[in-house]
1. Criterion first (touching a residue at least 12 places away in the same chain (Cβ under 8 Å) and farther than 22 Å from residue 142 by Cα) does residue 73 satisfy it?
2. Considering only residues that are more than 25 Å from residue 55 (Cβ to Cβ), touching a Gly at 6+ places or on another chain (Cβ under 9 Å) and surrounded by fewer than 17 Cβ atoms within 10 Å (Cβ to Cβ), which ones fall in the stretch 16-29?
3. Got a sec? Which of 8, 53 is aromatic (Phe, Trp, Tyr), within 30 Å of residue 151 (Cα to Cα) and over 14 Å from the mean Cα position of the chain (by Cα)?
4. Give the residues of the stretch 1-15 that are surrounded by fewer than 13 Cβ atoms within 10 Å (Cβ to Cβ) and of a type in the set (A, V, I, L, M), sorted by residue number.
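Coordinate-derived values only; no laboratory data. Keep in mind the model is a prediction, meaning the values are calculated, not measured. With ideal geometry, Cβ positions are generated from the backbone for all residues, glycine too; neighbour counts draw on all protein chains shown.
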Amino acid sequence: MTVAEVIFYVIAVVTIAAAVGVVSLPNVVHAALFLILTLLGVAAFYILLTNEFLALVQILIYAGTISILFLLALMLTRGAQQNLPIVPSGGQWPIGLLVAGVLLVALEVAVLDSSWPRDVGEVTIVSLQTLGSALFRDWLLPFILLAVVLDIALTGAILLAREGDEEEA
């Protein structure tokens with residue numbers, strides 16, 4: 001077993017454990033933190049595949065933006081203060097486990113029965129400088145607009161949360 005395989009298995013165990021934490025923890029804020037850890041684990045897989053750009057995008061967009069929007073929704077709905085359980089109670093667990101098992105078997109059969117290309121031919125390697133210049137040359141305006149929209153949403157959530165605190169006091 002090579003060092004890369006050991007690193008892969010360690011990252012896989014941590015990522016799967018974090019994903020289980022996302023769906024099984026009753027505290028929504030803790031589940032959001034485990035979601036960030038899960039998304040960072042996926043970014044680590046991209047680094048192992050020597051695709052640093054996708055790892056960077058995974059960290060910036062998913063681990064950063066999605067997590068901020070999730071916590072923003074918590075602030076707006078005051079879900080963190082209500083401490084509502086996100087774990088389903090009742091007879092839903094056996095059915096969910098059965099469906100997850102069937103899906104896992106179906107995915108394994110699909111992967112093992114498919115004919116993956118063994119030789120992909122010549123691969124074009126694009127540097128981060130080329131991608132960065134394309135991002136800030138061709139996609140600069142959408143990038144800035146997205147940042148402004150997210151900043152406005154975060155500011156609005158903070159103002160709404162503060163107004164709710166002043167009304168309660």
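1. Values: touching a residue at least 12 places away in the same chain (Cβ under 8 Å): no; farther than 22 Å from residue 142 by Cα: yes.
No; evaluated as a whole, the condition is false for this residue.
2. 29, the sole residue that qualifies.
3. The conditions single out 53.
4. Selection gives 1, 3, 4, 6, 10, 13.
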